[in-house]
1. Give me 66, 97 ranked fewest to most by other Cβ atoms within 10 Å of their Cβ, as a rough exposure proxy.
2. Residue 47: net charge of surrounding residues, Cβ under 12 Å, Lys/Arg +1, Asp/Glu -1, itself excluded?
3. Can you tell me the Rg and the Dmax, both Å, for the Cα atoms in the stretch 2-54?
4. Below 11 angstrom from the Cβ of residue 37, what's the summed charge of the other residues (Lys, Arg +1; Asp, Glu -1)?
5. At a 10 Å Cβ-Cβ cut-off, how would you order 11, 4, 18, fewest neighbours first?
6. For 71, 99, 44, what ranking results if the residue with the fewest other Cβ atoms within 10 Å of its Cβ goes first?
7. State, as an integer percentage, the relative contact order of the stretch 2-54 based on alpha-carbon contacts under 8 Å between residues 6 or more apart.
Amino acid sequence: MVWTLFILLTTFQMMANTFHAYINLEDYIPWIELFGLEDEEPIYQKRVLSMVSGAVLPIIALGFIKSLVDYIRPNEEEIISEVKIHNEEEMTDEEAKEYVNSKKENLEKKKPNKITKQKRRVIYKP
């Protein structure tokens, strides 16, 4: 479901960018010469140039977002070293890995939509 929406929105963005580039394309003779489209019909020339300029941008943006997410995400070795530093007792790498995996499992078991109510104690001061 998520991938379907993702692909649909990306395709829609590519189509909208291509249409905008096609409508607003003016003075494109140098681009025609660059891509070697001098012998083609003008409508074909505009279509090719609008697809090249409009449809490629969402793909490039998604590539940059993916690389940014990969760069920001800490690797497992950094997490294990932080666990070993913050824990008061000395741990081996295997113990730290087990600790991290147990924390991941606990987070996966929790249901994010379930709201727990806490009892409030009201203290009145005279």
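1. The most exposed by this proxy come first: 66, 97.
2. Result for the neighbourhood of residue 47: -1.
3. 13.4, 43
4. -3
5. Placing the least packed residue first, the sequence is 4, 11, 18.
6. 71, 44, 99
7. Rounded, it is 53 percent for the stretch 2-54.
Every read-out reported here was derived from the displayed coordinates using simple, explicitly stated rules and does not represent laboratory data. Model, not experiment: these values are computed from the prediction. Note: ideal-geometry Cβ built from the backbone for every residue, glycine included; neighbour counts use all protein chains shown.
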